[in-house]
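*Asks:* If you scroll down you'll find the structure; I have some questions about it.
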Amino acid sequence: MIRYAKGDLFQLTKTTLSRPLLIAHACNCLGIWGGGIASVFKTRYFSSYELYHTYCHSFRSPTELLGTSLLLPVSSSDAGFVNGLKDQLIVVCLFTSVIGQESELEIAKNTESAMLDLKHKLQNPSLIENVTSRQIIENYNKQILDADGKLDVLQYTINMPKINAGIFGVPWALTEKALEKSNLNCQVFEL
């Protein structure tokens, strides 16, 4: 399900939550947050950027990352750090394009795959590469079991701008369809 909200995505970090705050953006696979919303993420969450950069460079080929996700914690040294949220804020990287060279349809398909990968990681936190992010998700998952003891991933909301619509130039309708196929709750921020 997709909900739309007017305003600044980063205003969410000024609220106190009892659950993880997932802030997602579409990323290239080269380890560069150089333009668009990615540069804002880099300024606000430089420690997350460093983890992302190192992670990207640990692969032989950037194409190995396409259609995957990466969950990263923030640090108290980050400009966007807010007391009370550190243990709950996770930056989600959705690897939708190597560097914007794919077709609109390929980027949309990679978005669908990345969202499904994210869903799988939320359901199976042992697959989350970063230990801190894994612990945050594991702790929350213990709280959101339904009456049958099954995990209810609909308790998560993936907050994001209109991903892929900027530098990657993908029409929003294509990305919107890809997000819907994940069956995750998404809140999309528009200025």
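*Asks:* I want to confirm something. Restricting to region 140-191 and keeping residues that are of a type in the set (Lys, Arg) and more than 16 Å from Ser97 (Cα to Cα), which single residue is surrounded by the fewest Cβ atoms within 10 Å (Cβ to Cβ)?
*Replies:* Lys142
*Asks:* Which condition breaks for Asn110 when tested against (1) touching a residue at least 60 places away in the same chain (Cβ under 8 Å); (2) closer than 26 Å to Ser39 by Cβ; (3) assigned to a helix (DSSP H, G or I)?
*Replies:* (1)
*Asks:* Let me ask something additional. Looking at region 145-190, which of its residues are assigned to a loop (DSSP other than H, G, I, E, B) and free of Cβ contacts under 8 Å to residues at least 40 places away in the same chain?
*Replies:* Hits for region 145-190 are Asp146, Ala147, Asp148, Gly149, Lys150, Asp152, Lys162, Ala165.
*Asks:* Can you say whether Ala114 is in contact with a Lys or Arg (Cβ under 6 Å, 6 or more places away or on another chain) and among the hydrophobic types (A, V, I, L, M, F, W, C), as far as the supplied structure shows?
*Replies:* no
*Asks:* Sticking with this one: Being surrounded by 17 or more Cβ atoms within 10 Å (Cβ to Cβ), touching a strand residue (DSSP E or B) at 6+ places or on another chain (Cβ under 8 Å) and farther than 16 Å from Ile136 by Cα narrows it down to one residue among Asp78, Asp117; which is it?
*Replies:* From the options Asp78, Asp117, the qualifying one is Asp117.
*Asks:* For the subset of region 85-135 comprising residues that are among the small types (Gly, Ala, Ser) and modelled with pLDDT of 95 or more, which member is nearest to Leu71 (Cα to Cα)?
*Replies:* Ser133
*Asks:* Residues that are over 29 Å from Ser18 (Cα atoms), in contact (Cβ under 8 Å) with a residue 60 or more places away in the chain and not in a loop (DSSP other than H, G, I, E, B): does region 64-87 have at least one? Steps first, answer last, please.
*Replies:* So in region 64-87, the residues over 29 Å from Ser18 (Cα atoms) come out as 64-67.
Next, only the ones that are in contact (Cβ under 8 Å) with a residue 60 or more places away in the chain stay: none.
No: zero hits.
*Asks:* Give the residue that is modelled with the lowest pLDDT, with candidates limited to residues of region 16-58 that are touching a helix residue (DSSP H, G or I) at 6+ places or on another chain (Cβ under 6 Å) and part of a loop (DSSP other than H, G, I, E, B).
*Replies:* Arg19
The values are calculated or read from the model by the stated rules, or taken from the named source; none is laboratory data. Since the structure is predicted, the reported quantities are computational estimates derived from the model, not experimental observations. FYI the Cβ positions are ideal-geometry reconstructions off the backbone, even for glycines, and counts take in every protein chain you see.
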